[in-house]
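Peer 1: This structure is in structure tokens; I'll ask about it shortly.
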Amino acid sequence: MEDWHELSNAIADWLKEYADSNQITALVVGVSGGIDSAVTSALCAKTGLKTIALNIPIHQETSQYNLSNQHIGWLKSKWENVDSHTIDLTRTYDRYADELQNHNLSDLASANTRARLRMTTLYAIAGSNNGIVVGTGNKVEDFGVGFFTKYGDGGVDISPIADLYKSEVYALAEALGIVQGIQKAAPTDGLWNDGRTDEDQMGATYEELEWAMGQIENISNEALTERQREVLEIYQRLHNANSHKMKPIPVFSRSNITAGT
């Protein structure tokens, strides 16, 4: 059985070692009110390095905004090395959207724009504090279904929880004592005006997608239920559609040119 306290210490030590070896003195994390960013920011705080937690709302639902602030308050009550700022990009986003209103911007493109504006802000703060941007993606999102915005929340310098399934992130949250409201909240990326959850968008729960990821990796031959077959199809469809996010950018090589005769 995993020792979650030991794991949290190991991840914090790994972050600290990386920062020290690269002369980095600050860790910058976007705190959304969700479980992944809550655990990530707590792990950063455990390093003892200056940890800058940013709440970056863009037309954010009040409940998500409040959970983010509640978590930041909890962080600051436990670790003196935590600093925090709220940077409301709502007007910035609205102005940007207005400039593109004649270009038939899709709902998905609009949602991804929010993530990319946040990424730009995280890097502006990191670059001004000798810091790095710490990613909050888990294993299913980053390597399974590619559930992140390319150059948005996928634009980071280091990923401390990307080898952990969502269930493992929850276990870490429990061990760390993360605010119960965050542990119980439905996972959401907070990029949509209708407040849709991650499950609404993907068509399956993280628990189901973890199972599907394991099936793909282990090629099990067990008899499957109709729902399990459906989940496998959802997983494979998302994995294939988002594979471009999870692979290195294609680079043309001169070796592809065949010599002329």
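The values are calculated or read from the model by the stated rules, or taken from the named source; none is laboratory data. Predicted model only: the values in this text are computed from it and were never measured. Cβ sites come from the backbone with ideal geometry, for glycine too, and all protein chains shown count toward neighbours.
Peer 1: Take the stretch 140-166 and flag every residue that is among the hydrophobic types (A, V, I, L, M, F, W, C), more than 18 Å from residue 212 (Cα to Cα), in contact (Cβ under 8 Å) with a residue 40 or more places away in the chain and assigned to a loop (DSSP other than H, G, I, E, B).
Peer 2: 148, 161
Peer 1: Just the residues that are among the polar types (S, T, N, Q), in contact with a Gly (Cβ under 9 Å, 6 or more places away or on another chain) and not in a loop (DSSP other than H, G, I, E, B), please, taken from the stretch 2-40. Write out each step before concluding.
Peer 2: At the first step, the residues of the stretch 2-40 found to be among the polar types (S, T, N, Q) are 8-9, 21-23, 25, 32, 37, 40.
Now drop any that are not in contact with a Gly (Cβ under 9 Å, 6 or more places away or on another chain), which leaves 25, 32, 37, 40.
The answer is 37, 40.
Peer 1: Check 137, 152, 127 and return the single one that is within 28 Å of residue 179 (Cα to Cα), among the small types (Gly, Ala, Ser) and either touching a helix residue (DSSP H, G or I) at 6+ places or on another chain (Cβ under 6 Å) or surrounded by fewer than 19 Cβ atoms within 10 Å (Cβ to Cβ) (or both).
Peer 2: Criteria check complete, one pass: 152.
Peer 1: Kindly check whether there is at least one residue in the stretch 180-191 that is in contact with a Pro (Cβ under 9 Å, 6 or more places away or on another chain) and either at pLDDT below 95 or closer than 26 Å to residue 110 by Cα (or both).
Peer 2: yes
Peer 1: For residue 74, indicate whether it is in contact (Cβ under 8 Å) with a residue 60 or more places away in the chain and not hydroxyl-bearing (Ser, Thr, Tyr).
Peer 2: yes
Peer 1: Considering only residues of the stretch 60-95 that are in a loop (DSSP other than H, G, I, E, B) and at pLDDT below 95, which is surrounded by the most Cβ atoms within 10 Å (Cβ to Cβ)?
Peer 2: Among residues in the stretch 60-95 that are in a loop (DSSP other than H, G, I, E, B) and at pLDDT below 95, the one surrounded by the most Cβ atoms within 10 Å (Cβ to Cβ) is 60.
Peer 1: On to the next question. Among the residues of the stretch 23-63, how many are among the small types (Gly, Ala, Ser) and more than 26 Å from residue 171 (Cβ to Cβ)?
Peer 2: Narrowing the stretch 23-63 to residues among the small types (Gly, Ala, Ser): 26, 30, 32-34, 37-38, 41-42, 45, 48, 53, 63.
Then drop every residue that is not more than 26 Å from residue 171 (Cβ to Cβ), which leaves 26.
Qualifying residue count for the region: 1.
Quick grid of which residues meet (1) of a type outside the set (Gly, Ala, Ser); (2) closer than 26 Å to residue 240 by Cα:
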{"position": "74", "(1), (2)": "yes, no"}
{"position": "78", "(1), (2)": "yes, no"}
{"position": "102", "(1), (2)": "yes, no"}
{"position": "112", "(1), (2)": "yes, yes"}
{"position": "119", "(1), (2)": "yes, yes"}
{"position": "127", "(1), (2)": "no, no"}
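Peer 1: Residues of the stretch 173-186 being within 22 Å of residue 66 (Cα to Cα) and part of a helix (DSSP H, G or I), which ones?
Peer 2: Correct list: 173, 174, 176, 180, 181, 182, 183, 184.
Peer 1: Checking the condition in contact with a helix residue (DSSP H, G or I) (Cβ under 6 Å, 6 or more places away or on another chain), more than 26 Å from residue 33 (Cα to Cα) and either assigned to a helix (DSSP H, G or I) or in contact (Cβ under 8 Å) with a residue 60 or more places away in the chain (or both), which residue from 169, 231 passes? If you could, list the steps in order and put the result at the bottom.
Peer 2: Values: 169 fails: more than 26 Å from residue 33 (Cα to Cα).
Within the list 169, 231, the selection yields 231.
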